[in-house]
Amino acid sequence: MPRRRVKAPAAALVFALLVLATVAAFAWSQRLKRDPLVLDRVTIGNEVSRSFTPNGDCRFDQVRIRFRVTQSDDATVQVVKPGGQLVVTLAREQFLKRYRFFTFYWDGRQRGGGIAPPGRYKLRVKLLGQDRILVPPGTIRLHRAPDDVRPLGNCQRTEMSSP
């Protein structure tokens with residue numbers, strides 16, 4: 001089977017387009033780096049761990065999610081699987097005022113009411129006015145409860161959320 005050669009003008013055109021696309025991508029990434037963060041100071045869990053076990057023993061039954069936004073907007077706050085599948089909505093169309101901290105707690109339950117399976121989960125914040133979806137780095141780890149732990153009943157949260 002004979003080999004066909006690519007003509008020099010076509011190859012030069014493709015090369016020029018690739019160089020142009022690379023320069024445009026570089027310029028766009030530099031612009032994004034200069035933009036201020038919209039979601040910052042995200043903390044998940046406590047000082048010890050981002051893991052929790054919702055087994056009713058009143059120890060690490062919930063995970064605290066705290067963040068700040070730099071632009072006021074209505075937002076929906078969700079917990080999702082790493083692939084993006086929705087697990088639970090923590091707040092729907094809540095107004096988030098800029099430069100204020102917001103605290104949410106997830107008890108490990110999913111939309112149907114049952115406990116989510118053990119695994120890694122992510123925080124997703126949908127800013128409705130800007131039509132942006134923000135997924136900060138880091139994961140929430142939900143562990144399986146040991147079989148020998150008995151639930152203690154109604155637990156009181158010892159940590160107060162700040163405005």
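The values are calculated or read from the model by the stated rules, or taken from the named source; none is laboratory data. All of these numbers come straight from a predicted model, not from anything done at the bench. When we count neighbours, we look across all protein chains shown, and the Cβ atoms used for this are built from the backbone with ideal geometry, even at glycine.
Do we find that T22 is over 21 Å from L127 (Cβ atoms), surrounded by fewer than 13 Cβ atoms within 10 Å (Cβ to Cβ) and either in the same structural domain as L127 (by TED's automatic domain parsing) or not aliphatic (A, V, I, L, M) (or both) in this structure? The answer is yes for T22. For the residues P2, P36, P54, the requirement of being part of a loop (DSSP other than H, G, I, E, B), surrounded by 10 or more Cβ atoms within 10 Å (Cβ to Cβ) and modelled with pLDDT under 90 singles out P54. On inspection, L127 qualifies as in contact with an Asp or Glu (Cβ under 7 Å, 6 or more places away or on another chain) and not β-branched (V, I, T). Answer yes or no as to whether F60 is in contact with a strand residue (DSSP E or B) (Cβ under 9 Å, 6 or more places away or on another chain), over 18 Å from V135 (Cβ atoms), not in a helix (DSSP H, G or I) and not charged (D, E, K, R). Yes, satisfied. Give me the residue from segment 60-94 that is exposed (fewer than 15 other Cβ atoms within 10 Å of the Cβ) and on the phi > 0 side of the Ramachandran plot and, out of that set, nearest to the chain's Cα centre (by Cα). My answer is G84.
Do you know which residues across segment 63-90 are of a type in the set (S, T, N, Q) and in a loop (DSSP other than H, G, I, E, B)? Let's see the steps before the verdict.
Residues of segment 63-90 of a type in the set (S, T, N, Q): 70-72, 76, 78, 85, 89.
Of everything in segment 63-90, those that are of a type in the set (S, T, N, Q) and in a loop (DSSP other than H, G, I, E, B) turn out to be T70, Q71, S72, Q85.
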